[in-house]
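Report on the structure given below.
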Amino acid sequence: MIDEMRKASIQQATVRQKEKADKMIWVTFKKEGIHKYPAALEDPKLKTGGWDDVSFLGYPHRHIFHFRVWIEVFHDDRDIEFIQFKRWLERLYSGAGADTTQSTGGSEKQSTTDSEVLILDYKSCEMISDELFEKIAARYPERTVRIEVSEDGENGSDTTYNYERV
């Protein structure tokens, strides 16, 4: 009798836990970009002349920026379809989501900006993340979002934008 009551209690707790679960989907994409860190040319903490010198970062340099973006969903049946979400994010970096297609002579269309390199000037991974979050929040408001941006999949930032429900 006690074993049955315990099993029923565990099952009820499991159902409640599942109903209250925080659910997120995630997508990844990459984009070539060029940026620089101007302070690295002057700041003595960065321009050390020794093994830890990173003054070269003050000049424009290339990376493949890797993105991993999580977004909160409210149910388990494609609240946001992740392939569509990924395609939308990629379009943000290929002509800002505008219609950037041209006819290739056949019935298919080809993007004129898919190969464009992002010119990021002085932006850090954290700044890139903040800008991307603003665009995501405008399209998908009132959701927790987490964004990872890395340089060449090696070093980067990870920021969680928690949505506080009242």
Relative contact order %, the chain, counting alpha carbon pairs below 8 Å whose residues are six or more apart: 25 percent
Contour excess over end-to-end distance, with Cα ends at residue 75 and residue 124 and 0.36 nm allotted per residue: 14.3 nm
Using θ = phi - 60° and Karplus 6.51 cos²θ - 1.76 cosθ + 1.60, couplings along the stretch 75-90 (whole Hz; Gly, Pro as x): 8, 9, 10, 6, 3, 10, 6, 5, 5, 5, 4, 4, 4, 5, 4, 4
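As a quick test, which of the pairs 45/123; 45/135; 18/123 have an alpha carbon distance above 31 angstrom in this structure?
Beyond 31 Å between Cα atoms: 45/135; 18/123.
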Candidate aspartates and glutamates - alpha carbon under 15 Å from residue 86, same-chain residues fewer than 8 apart omitted: 72, 114, 148
Cα long-axis angle, helix 125-139 against the chain (0 to 90 degrees, to the nearest 10): 50 degrees
Student exercise, the chain dipole from Lys, Arg, Asp, Glu Cβ charges, in Debye to nearest 20: 440 debye
Potential extension, residue 139-residue 59 segment - 0.36 nm per residue separation minus Cα distance: 25.3 nm
Value at 222 nm in deg cm²/dmol, rounded to 500, when DSSP H runs of n ≥ 4 in the chain each add -39,500 (n - 2.57): -8500 deg cm²/dmol
Rounded tilt (10° steps) of 2-19 against the dominant C-alpha axis of the chain: 40 degrees
Cα lying deepest toward the dipole's positive end in the chain, options 127, 51, 41, charges on Cβ: 127
Sparse-neighbour loop sites [trypsin sites (Lys or Arg not before Pro); the stretch 1-93; at most 15 other C-beta within 10 Å; DSSP]: 20, 45, 78
Bridge type composition, the chain - antiparallel percent by DSSP, nearest 5: 90 percent
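Any chance you could run the full-extension gain for residue 17 through residue 164? It's 0.36 nm times the residue separation minus the Cα-Cα distance, nm to one decimal.
50.9 nm
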Neighbour-count order for 48, 159, fewest beta carbons within 10 angstrom listed first: 48, 159
For residue 32, distant residues with modelled amide H under 5 Å away: 65, 118
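Each value in this text was obtained by applying a stated rule to the coordinates, not by laboratory testing. Keep in mind the model is a prediction, meaning the values are calculated, not measured. FYI the Cβ positions are ideal-geometry reconstructions off the backbone, even for glycines, and counts take in every protein chain you see.
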